[in-house]
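The values are calculated or read from the model by the stated rules, or taken from the named source; none is laboratory data. Not measured: the values here are computed from a predicted model. Here the Cβ positions follow ideal geometry from the backbone for every residue, glycine too, while neighbour counts run over all protein chains shown.
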Amino acid sequence: MSNFIDIGSIDDIPARGARLVRTHNGDIAIFRTAADALFAVDDYLPGKAGPLSNGIQHDNKVTDPMYNWVFDLASGQALGADEGAVQTYPVKCEGGRVLLAASAVSGAVAAE
């Protein structure tokens, strides 16, 4: 079993843009920088920010479109005077395909 799932072509995400992956755990924003680096973070910080996929990306950061919070895409941490963090997920590109960690989209399993 692979630890990553194919979610599409790198060409489906514009440089300095984002695409959304909807999961039963919540929405995940996949960002592509001008240098083709990829980052995957929760699209929302409940009550604090979002949707980050609609934010303005600059370098390895994104500015929240609602409250102007700035988040580091690598760590998920809010920068400056803001406090909080969004969850980050492993993501990579192989052969022009964007691969997201399977754990990011897997559902919770009830205890037996």
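Please verify whether region 41-51 includes one or more residues that are of a type in the set (Val, Ile, Thr) and either under 24 Å from residue 2 (Cβ atoms) or in contact with a Ser or Thr (Cβ under 8 Å, 6 or more places away or on another chain) (or both). Taking every residue of region 41-51 in turn, at least one turns out to be of a type in the set (Val, Ile, Thr) and either under 24 Å from residue 2 (Cβ atoms) or in contact with a Ser or Thr (Cβ under 8 Å, 6 or more places away or on another chain) (or both).
Which ones in region 88-99 are closer than 12 Å to residue 10 by Cα and part of a strand (DSSP E or B)?
91, 92, 93, 94, 97, 98, 99
Restricting region 33-81 to residues that are over 14 Å from the mean Cα position of the chain (by Cα), hydrophobic (A, V, I, L, M, F, W, C) and under 20 Å from residue 14 (Cβ atoms) leaves a set whose member that is surrounded by the fewest Cβ atoms within 10 Å (Cβ to Cβ) is 35. Condition check for residue 88 on (1) polar (S, T, N, Q); (2) more than 23 Å from residue 4 (Cβ to Cβ); (3) modelled with pLDDT of 95 or more: one failure, at (2).
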